[in-house]
Amino acid sequence: MTGGLIDTHCHLYLEEFDTDREAAIVRAKESGIEALLLPNVDTTTIGRMLDLTDQHPDFVFPMMGLHPTSVDGGYAKMLSETESWLGKRTYCGIGEIGIDLYWDKSWLKEQKIVFEEQLRWSIDRQLPVAIHTREAFAEVFDSIHKVGAEKLTGVFHSFSGNKEELEEIKKMPGFMIGINGVVTFKNSRLSEVIAEMTIDRILLETDAPYLSPVPYRGKRNEPVYIWKTAEKVASVYGLTAAEVAEKTRKNALNLFRNINKNV
Ligand SMILES: [Zn+2]
């Protein structure tokens, strides 16, 4: 087989995998997954994420960033600690970063400062961004345009927007959308929305341990389940799951940096 499938967003270093992390990696590899990209959460997860990277340097590739739900009044210290890690290693991207107004709206101003600062890091270091947006598309678009959409590349991870929001992303050629198990949910309109996007701007992801695709919905997610998402995306484009794996793999390798695989 040529290449494989790339899970562009999973948190395999979290405690949900403490009892079977290595087995989950074996299951992923045996199914034809070639690489896992690991977005960071905050300063408490960096050690675990980098330990896992050191154990599997040809299979897992880390990003560095500060997640919006970890931002509060004490953000400055966390942000500078996060930045200090950027100089110490290579990363495939800056992530995950963004704005989340679902859980808590009280730190919007701080979330914007932190998001925009990390967008600037990505420009300075020529790394793509993995963006988390929850009930905050307008705010996220505003920050991107303020910092400079034409200078940025990245992915709207766990994209679940509507057609209008997709149109805004389509106007920014440096950006792709990341699709996960949500597309398989019965009540989701996402497959209709993504039909409006060309497949060369689609990435596959799990967001494991969260958002398991059907028929595993409600259970812990893991990378091997990404094939259920690949099958659903394949049905949207009239392709096979293997073709979707190959095309989205290429997209991932074109977007992310420092992954030692050939396009
Ligand atoms: Zn995530």
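Please turn the phi angles of region 188-200 into ³J(HN,Hα) values with the Karplus equation 6.51 cos²θ - 1.76 cosθ + 1.60 (θ = phi - 60°), one per residue in order, whole Hz, x for glycine and proline.
8, 8, 4, 5, 5, 5, 6, 4, 7, 10, 6, 5, 6
Which FRET efficiency value, to the nearest 0.05, do you get for residue 188 and residue 220 by plugging their Cβ-Cβ distance into 1/(1 + (r/R0)^6) with R0 = 25 Å?
On the way: r = 20 Å, r/R0 = 0.80.
The computed FRET efficiency comes out at 0.80.
If Lys and Arg each add +1 and Asp and Glu each add -1, what is the summed charge of the other residues whose beta carbon sits under 12 Å from the beta carbon of residue 74?
Surrounding charge for residue 74 is -3.
Just subtract the alpha-carbon distance of residue 116 and residue 246 from 0.36 nm times their residue separation and send over the number in nm, one decimal.
Extra length from residue 116 to residue 246 when fully extended: 43.5 nm.
Given Cβ point charges of +1 (Lys, Arg) and -1 (Asp, Glu) and nothing else, what value in debye, to the nearest 20, does the dipole of region 24-164 about its Cα centre take?
It works out to roughly 120 debye.
Restricting things to alpha carbons, tell me how big region 151-221 is in terms of Rg and Dmax, in Å.
Considering region 151-221 through its Cα atoms, Rg and Dmax are 12.5, 40 Å.
Is there a quick way to get the dipole size of the chain? I mean about its Cα centre, with the Cβ of Lys and Arg at +1 and of Asp and Glu at -1; what is the value in debye to the nearest 20?
With Lys and Arg at +1 and Asp and Glu at -1, about 420 debye.
For the chain, what percent of Cα pairs sit more than 34 Å apart?
That fraction is 10 percent.
Using R₀ = 25 Å, calculate the FRET efficiency as 1/(1 + (r/R₀)^6) where r is the Cβ-Cβ separation of residue 142 and residue 237; round to 0.05.
The formula returns an efficiency of 0.20 here.
Once you order the gyration tensor axes a ≥ b ≥ c over the Cα atoms, which shape class does region 19-170 get: rounded for a/c under 1.5, otherwise prolate or oblate by comparing a/b with b/c?
Cα axes put region 19-170 in the prolate bin.
What is the calculated FRET efficiency for residue 31 to residue 55, with r their C-beta to C-beta distance and R₀ = 30 Å, to the nearest 0.05?
Here the calculated transfer efficiency is 0.95.
So what is the orientation-averaged projected area of region 29-112, using the convex hull of its C-alpha atoms, in nm²? Before the final figure, lay out the partial values.
Values: hull surface 25.6 nm².
For region 29-112, the mean projected area of the Cα convex hull comes to 6.4 nm².
In terms of the Cα gyration tensor, with a ≥ b ≥ c the square roots of its eigenvalues, is region 199-260 rounded because a/c is under 1.5, prolate because a/b exceeds b/c, or oblate?
It is oblate, given that a/c is not under 1.5 and a/b is not larger than b/c.
Where Lys and Arg each count +1 and Asp and Glu each count -1, what net charge lies around residue 103 among other residues with Cβ under 13 Å from its Cβ?
My count for the surroundings of residue 103 gives -2.
No value in this document is a laboratory result; all are computed from the given coordinates. This structure is a prediction, so every number in the text was calculated from the model and none was measured. We place every Cβ from the backbone using ideal geometry, glycine too, and count neighbours over all the protein chains shown.
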